[in-house]
Amino acid sequence: MARTVRIMELTATYELPAPVERAWDLLMDTTAIGKCLPGCQGLKPLGGDRYEVELGLTIAAIAGSFKGTVALEDKDPPHAYTLVVEGTGRQGFIKGRARVTLAADGDRTRVAIAARADVGGMIARVGQRLLEGVARTMMDRFYGCLAQQLEVQS
């Protein structure tokens with residue numbers, strides 16, 4: 001059987017209720033990231049801006065656990081960084097990159113994301129629209145959670 005691989009490209013923009021420096025600090029805070037990342041069951045530093053991550057995900061009727069790494073590259077504090085993700089599980093794999101750019105918008109921060117990912121295995125068989133919908137929902141929940149944390153800190 002041929003191996004199913006889907007390429008996803010996503011762009012999104014979010015607003016965080018804090019100046020760029022505070023938003024950057026929160027995006028670099030592994031405790032905050034672990035709390036806000038949907039399905040995160042563990043986030044462990046490996047050194048050098050690399051982290052081991054374990055996620056529990058459900059996509060359509062396919063549920064499972066994925067283990068992998070997340071790395072922060074090309075950091076330009078507090079303006080931008082590249083997030084590099086690789087993960088595998090019984091249900092498939094994901095390998096992707098996202099450029100995250102922060103821009104001041106008064107006393108708020110606009111976060112723009114441009115991401116590309118290769119997804120393979122069983123999870124790639126559920127269909128492009130469903131995969132993109134799940135990815136967008138996860139990003140919406142993640143940035144919504146970060147915005148709540150910033151509002152609580154204010």
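The values are calculated or read from the model by the stated rules, or taken from the named source; none is laboratory data. Predicted model only: the values in this text are computed from it and were never measured. Methodologically, a virtual Cβ is constructed for each residue, glycine included, from the backbone with ideal geometry; neighbour enumeration extends over all protein chains shown.
Of the residues that sit in the range 109-152 and are touching a residue at least 40 places away in the same chain (Cβ under 8 Å), farther than 21 Å from Lys95 by Cα and over 13 Å from the mean Cα position of the chain (by Cα), which one is surrounded by the most Cβ atoms within 10 Å (Cβ to Cβ)?
Per the stated criteria, the residue is Thr109.
Filter the range 56-70 down to residues that are in contact with a helix residue (DSSP H, G or I) (Cβ under 9 Å, 6 or more places away or on another chain) and either loosely packed, with under 13 Cβ neighbours inside 10 Å or not hydrophobic (A, V, I, L, M, F, W, C) (or both), then give me how many there are.
Counting residues in the range 56-70 that are in contact with a helix residue (DSSP H, G or I) (Cβ under 9 Å, 6 or more places away or on another chain) and either loosely packed, with under 13 Cβ neighbours inside 10 Å or not hydrophobic (A, V, I, L, M, F, W, C) (or both) gives 3.
Please find, among Gly87, Gly106, the residue that is small (Gly, Ala, Ser) and closer than 22 Å to Leu26 by Cα.
Sole residue among the options that is small (Gly, Ala, Ser) and closer than 22 Å to Leu26 by Cα: Gly106.
Within the range 1-24, track down each residue that is charged (D, E, K, R), surrounded by fewer than 15 Cβ atoms within 10 Å (Cβ to Cβ), out of contact with any Lys or Arg (no Cβ under 9 Å at 6 or more places or on another chain) and at pLDDT 95 or above. Can you show your working first?
Taking the range 1-24 first, the residues charged (D, E, K, R) are 3, 6, 9, 15, 21-22.
Applying the additional criterion that residues be surrounded by fewer than 15 Cβ atoms within 10 Å (Cβ to Cβ) yields 3, 9, 15, 21.
Filter once more, keeping what is out of contact with any Lys or Arg (no Cβ under 9 Å at 6 or more places or on another chain): 3, 21.
Result: Glu21, single match.
Being under 15 Å from the mean Cα position of the chain (by Cα) and loosely packed, with under 14 Cβ neighbours inside 10 Å narrows it down to one residue among Glu73, Glu86; which is it?
Going through Glu73, Glu86 in turn, the sole match is Glu73.
Kindly provide the set of residues from the range 50-70 that are more than 15 Å from Leu37 (Cβ to Cβ) and modelled with pLDDT of 95 or more, ordered by number.
Of everything in the range 50-70, just one residue is more than 15 Å from Leu37 (Cβ to Cβ) and modelled with pLDDT of 95 or more, namely Arg50.
Of (1) modelled with pLDDT of 95 or more; (2) touching a Phe, Trp or Tyr at 6+ places or on another chain (Cβ under 7 Å), Cys36 satisfies all except one. Which?
Cys36 satisfies every listed condition except (1).
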